[in-house]
Each structure stands twice: as structure tokens, then as C-alpha cells.
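Structure first, then comments.
The values are calculated or read from the model by the stated rules, or taken from the named source; none is laboratory data. Since this is a predicted model, take the numbers as computed values, not measurements. Positions of Cβ are generated from backbone atoms using ideal geometry, with glycine treated the same way; all protein chains shown enter the neighbour counts. Heavy atoms of the whole protein, side chains included, go into the accessibility calculation; ligands, DNA and RNA do not. Shrake-Rupley method; radii C 1.70, N 1.55, O 1.52, S 1.80 Å.
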Amino acid sequence: MLEVRGLIAGYGGTDVLRGIDLDVAPGEIVAVLGANGVGKTTLNRALSGLIAPRAGTIRFLGEAIGGRKPAAIVSAGLIHVPEGRRIFPNMSVRDNLVLGSYRRGKPARQNNLERIFALFPRLRERSAQAAGTLSGGEQQMLAIGRGLMGEPRLIILDEPSLGLSPLLVEEMFTLIARIAADGLAVMLVEQNVVQSLELASRAYVLENGRIVAAGPAAEIAADPALKHAYLGL
Amino acid sequence: MPSTAPRMRPGPKAASPSKKTVMFAPDIILAAVLNGLMTGSVYALIALGLTLVYGVLHIINFAHGATLTAAMFAVYVAQTMLAIDPYVALVPITLLFFVLGYGVQRFVIGPASHGEDRNILLVTLGLSIVIENAMLSIFRSDTRSIDVPYAFESIDLGFTFLALPRVAAFGVALLVALLLGLLLTTTDTGRAIRAVAKEKTGAALAGIDVAHIYAVTFGLGAACVAIAACLLMPTFYVTPRAGNAFVLVAFTIVVLGGMGSIPGALLGALFIGVVESLCGLFFGESLGQIGIFLIFILVLLVKPTGLFGARA
């Protein structure tokens, strides 16, 4: 459903991504791994329209979406849950979720809210609370919940386990598995290599703006040289 | 400064000489407070527009004063050439200025700023110069006012008279502030405006078109001053620089209430209106504004974030 070919993107005079080829099939969990600064976040920003690609094509569900505005890409069904959560701290949990459905019609809103509250009961308990007062783990749940409110076909999760306690990391990966079990494709961009490879069916390893390894997650997990060279294990 | 200071033309209050002899009687002070609240309500509209744009785009809109001037001329033209009463013109002029504000942000300021918020500030400064000079070349620097039959109508409260156009301004301004508050808290567009104000990237990723929301906010700011212009013109005059003095006061209000705070702007404006009115009573009309700027300096010294300001 997502088909990236020869993607080049960057900031100012520098190309951060130097030719990325990447695919995500419907219902699949794909991990994108790599150390800090290899271009993972830039890849997400180019896919979600926050920056315009300099070259290459991004096709999503058959449409060329490269260079479109973020709002149009959200409408198309590709939703990026960013690193650092980027929730609206001054607004209630409910209003944060409601804004996630900004591109969708109001009729489905209540159903989607119920679905999110069923998935994250903590958010229901705190629906009237200001989002900025939530704990880190709850804020991450809210960020994912807000993404799901937009009825994505593919959701990009950027470092969902970052800054969470080990117990919460475990819980987060369980939740991602549950989300994917509903038929949603997930692109998981993580530094938590071991758990991401356990969850994903396929993985890409990024290094210096290029993809240096791609294949079934089990194969990448079983390649000690690869893990040692690029993933710090 | 005092010559350009926004002072209302003397209403019926000043025309009752019998009460003028007892300067500080409670009735007189109460009348001054009421008049101050009415002036403050119009200040509130201008300050709301300024603080809304600041809260979302994080810039001071330097074209705010010129926009107010343009709206006042629009009211003047509607009344003198088309014989449309300012209160009747309120709805079309407000809509017109919303559309103009939206268009200017979407198609001039936005593209010219290349995504850098600080460039927006410079573009608005340039726009204000263009608008002011356009007004100057069309209307010259004459002071103009309109004649409406109800300009000197008043309401008798027993101890004082309140000028009817100013009572109307008070009611309309508070209603508009209430509607603006409801818009921001209960509609999707309002939520999107508040979301963009605090978290632009998060808003974009939630599917909110940030350029559209910037333009809507700018349009709302222009609409606020358009309403203020319709409420001012029955008792005030217009020159090509008339708007600036109001915006200077509005800026003080925005700092007092907390940059970007809607309730801060409303309460700050009413407070500043009363301060101006009481200072005018105690120190003479021409020194009315001295209290405003004393407060401005005090706020900057003691609580620079303002009364309702967010913590930096």
C-alpha cells in the first residue's frame, strides 16, 4: 500500500535521506530501525508531508502523495504519530481525540471515540483532564489514540516506547500488536530493536540516509554481524 | 500623542452642567466607571483581534491599526455614499473584513513569509504602510465623521445619562466576545485554532491545514476590528491614522491581560477603559491616557507575563 522509491529529502543544503526504497503491505507491521541521526525522523516527516521530498516518489494506495500537504496525506489515510507525542497540552483528552478526527466526518466520531476508549481505558478515565497533565505513558497513548481517530490505513509510530518505563514499554508493544490485529498496517520506527523485531514481520535498517538491510524481521534478528554493525547490539 | 488619543466625542454626561460642580460625588464616579466600561468594551474587540493573532501566529500584527482605519472608512463610505446605517452595515462589513483578512494572510502574508513566523511581522508592518497611504491618497488627511440621527440619544439612569450608541457598543462588544469564546471552545475550527496555537506540528499531523487556520485567525482578527469600527463611528471620527491610537491602547491591554489570552484581553480592556475614564475625571480629559501607560510600565516591571499570561 505504501511504495517509496528513490526518496531524497533533507534540510537546508544537506540531504539527510539519500535514496530510500521501502514498501509496506496492507495489514503488515514493518520496523524501521537505526541509530540516532540516520534519518528515521526525516523519513517520517517526508512521508507525512511535513517536508517536501527533493526527489523520488511516494505512492500510497496507488496515489502519488509526495509533496502533498500533511492534511491531504491524513485524508488519504496515512497518519504519523510523531516522536515527542505533540499532543495539545492545554486541551482536554477528549478534545485532543476529537481533533484527531478533524478530517473525518462527525457521524463516525462518537463510534471512534468509544473504540479508542475501549483500547485505552485510561484515556476514558481522564477524558476531561488537560492533556499536558497526563503521565508520559498516557500521553503516548493519547498521541496514538489521536492518530487512530483519523481512521488511518497505515499508521507510522515514531519512537512510541521512548521515555517509558520497561513495564510500560512491554504494554506499548502489546497495544501495537492489538492495533495491527485489526487489519491496520503499522510502520514502527524504533530504537528498541529487540522488541520491534519480535513484533514486526519485516524490517529495514537505516544507516546514513540509506537502507543497508531489508528483509524478514526474523532474518535480521538472526544476523549478529548486522545487529552489531548498525544497531549497537 | 494626546491629539491622536482615542477620545469619544463628549456625550450627554458632559452636557449636564449642574452635576459638574460636584466633581467627586459617588454618582459622578459611578458614571465615569460606566462610561469607562463602555469605552473598554470597544477596546476589548480591538485587543481580542490582536491577542488572537498573537496567540496563534506568535507575531504582533502591525497592520491591525491600519485595518481598523480601513474598516472605519468602510463605515464612513457606507453611511455617506450608500446611506447604510453603521449598525446595518455591521454584518456585511464584518464579513467583508473576515474575507479580506483571510485572503491577505493566505495569499500575501503567508507566501511572503516563507514559513518563518518573524517574517510575517515585517510583512504586516509593510502592509500597514500600504493601507495607511492608500487611505491618505483616497480620503486625504481630513478628519471625517458621520451623522446619525441617534448620535445624541441617551438613556437616563437618574444620576447620569448614558449615550445610546455607546450602550449599544457595550452590548454588541460583549456579545461578540462571548460568541468568539464559544467559537473557540465548541467548534472544530475553534479547537483547531487553539491546537495550532500550542502545537503546530501536532496539529498538522492531526490533519489540520495550518495555512488555512492561520488565515481564519487573521480573518477573525480583521472581523473584530471591523465590528469595533461599526460601533465606534456613530460617536467617533476617522482620519487615515485613526486606528493606530486604539491599537496602542489595545497593545497595552494585551500585555496586561497576558499575550494570547482571550479572557485576559476582555477583562484587561474593561479595566483599562475604567482607568482611562477615571484618570480623565481626576486629571482632566487630556490626561486620561496617562493611567493606561503607567499601568503598562507597572505590568512590565512587576508581572511581564500579564494577569492571565501563560508561564514562559
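Hey, which of the strands (runs of 3 or more DSSP E) in the range A:137-233, taking only ones fully inside, have at least 2 residues that are buried (at least 24 other Cβ atoms within 10 Å of the Cβ)?
So the answer is A:154-158, A:185-190, A:202-207.
May I ask you to say which residue of B:THR235, B:THR252 is hydroxyl-bearing (Ser, Thr, Tyr) and closer than 27 Å to B:ALA89 by Cα?
On the way: B:THR252 fails: closer than 27 Å to B:ALA89 by Cα.
Matching residue, one of B:THR235, B:THR252: B:THR235.
Could you list, in sequence order, all residues of the range B:131-148 that are of a type outside the set (S, T, N, Q), over 20 Å from B:CYS230 (Cβ atoms) and either assigned to a loop (DSSP other than H, G, I, E, B) or in contact with a strand residue (DSSP E or B) (Cβ under 9 Å, 6 or more places away or on another chain) (or both)?
If the condition is that a residue be of a type outside the set (S, T, N, Q), over 20 Å from B:CYS230 (Cβ atoms) and either assigned to a loop (DSSP other than H, G, I, E, B) or in contact with a strand residue (DSSP E or B) (Cβ under 9 Å, 6 or more places away or on another chain) (or both), then B:ARG140, B:ASP142 are the ones that fit.
State whether one or more residues within the range A:116-126 are within 14 Å of chain B (Cβ to nearest Cβ), assigned to a helix (DSSP H, G or I) and aliphatic (A, V, I, L, M).
Here is the first cut: in the range A:116-126, the ones within 14 Å of chain B (Cβ to nearest Cβ) are A:116.
Okay, now just the ones that are also assigned to a helix (DSSP H, G or I), so A:116.
Remaining after also requiring aliphatic (A, V, I, L, M): A:116.
The answer is yes, given that some residue of the range A:116-126 is within 14 Å of chain B (Cβ to nearest Cβ), assigned to a helix (DSSP H, G or I) and aliphatic (A, V, I, L, M).
Looking for something part of a helix (DSSP H, G or I), of a type outside the set (Gly, Ala, Ser) and surrounded by 23 or more Cβ atoms within 10 Å (Cβ to Cβ) - is there at least one such residue anywhere in the range A:21-38? Break it down into steps so the answer makes sense when it comes.
Taking the range A:21-38 and keeping what is part of a helix (DSSP H, G or I), we get none.
No: the range A:21-38 contains no residue that is part of a helix (DSSP H, G or I), of a type outside the set (Gly, Ala, Ser) and surrounded by 23 or more Cβ atoms within 10 Å (Cβ to Cβ).
Pick from the range A:43-55 the residues that are open to solvent by less than 40 Å² (accessible area, probe 1.4 Å), more than 20 Å from A:LEU184 (Cα to Cα) and touching a helix residue (DSSP H, G or I) at 6+ places or on another chain (Cβ under 7 Å): which of them is nearest to the other protein chains (Cβ to nearest Cβ)?
This residue is A:GLY49.
Among the numbered criteria (1) within 21 Å of B:ALA242 (Cα to Cα); (2) of a type outside the set (Phe, Trp, Tyr); (3) assigned to a helix (DSSP H, G or I), which one does B:ALA151 miss?
(3)
So, in the range B:173-225, exactly how many residues are open to solvent by 20 Å² or more (accessible area, probe 1.4 Å) and within 14 Å of A:PRO70 (Cα to Cα)?
6
Working carefully through the options A:ILE73, A:ILE79, A:ILE87, find the one that is of a type in the set (Val, Ile, Thr), farther than 21 Å from A:ALA200 by Cα, out of contact with any Phe, Trp or Tyr (no Cβ under 6 Å at 6 or more places or on another chain) and outside any loop (DSSP other than H, G, I, E, B). Step through it out loud before you land on a result.
Details: A:ILE79 fails: farther than 21 Å from A:ALA200 by Cα; A:ILE87 fails: outside any loop (DSSP other than H, G, I, E, B).
Criteria check complete, one pass: A:ILE73.
What are the residues in the range A:56-75 that are more than 9 Å from every other protein chain (Cβ to nearest Cβ), in contact (Cβ under 8 Å) with a residue 60 or more places away in the chain and buried (at least 20 other Cβ atoms within 10 Å of the Cβ), if any?
We begin by selecting, within the range A:56-75, every residue more than 9 Å from every other protein chain (Cβ to nearest Cβ); these are A:56-68.
Of the ones still in play, those that are also in contact (Cβ under 8 Å) with a residue 60 or more places away in the chain are A:60-61.
Within the range A:56-75, A:PHE60 is the sole residue that qualifies.
Here's a check for you: in the range A:85-105, which residue that is touching a helix residue (DSSP H, G or I) at 6+ places or on another chain (Cβ under 9 Å) and more than 7 Å from chain B (Cβ to nearest Cβ) is surrounded by the most Cβ atoms within 10 Å (Cβ to Cβ)? I'd like the intermediate steps shown before the answer.
Our first condition is that a residue be touching a helix residue (DSSP H, G or I) at 6+ places or on another chain (Cβ under 9 Å); within the range A:85-105, this holds for A:85-104.
Checking which are more than 7 Å from chain B (Cβ to nearest Cβ) leaves us with A:85, A:92-94, A:96-97, A:101, A:104.
Values: A:ARG85: 25, A:SER92: 16, A:VAL93: 30, A:ARG94: 17, A:ASN96: 28, A:LEU97: 27, A:SER101: 23, A:ARG104: 16.
Here the answer is A:VAL93.
From the list A:SER161, A:SER165, A:SER201, which residue is farther than 22 Å from A:PRO70 by Cβ and within 12 Å of the chain's Cα centre (by Cα)? Write out each step before concluding.
Working: A:SER165 fails: within 12 Å of the chain's Cα centre (by Cα); A:SER201 fails: within 12 Å of the chain's Cα centre (by Cα).
It is A:SER161.
Identify the residue in the range B:46-77 that is under 25 Å from B:ALA192 (Cα atoms) and among the small types (Gly, Ala, Ser) and, among all such residues, is surrounded by the fewest Cβ atoms within 10 Å (Cβ to Cβ).
Going through the qualifying residues, I end up with B:GLY55.
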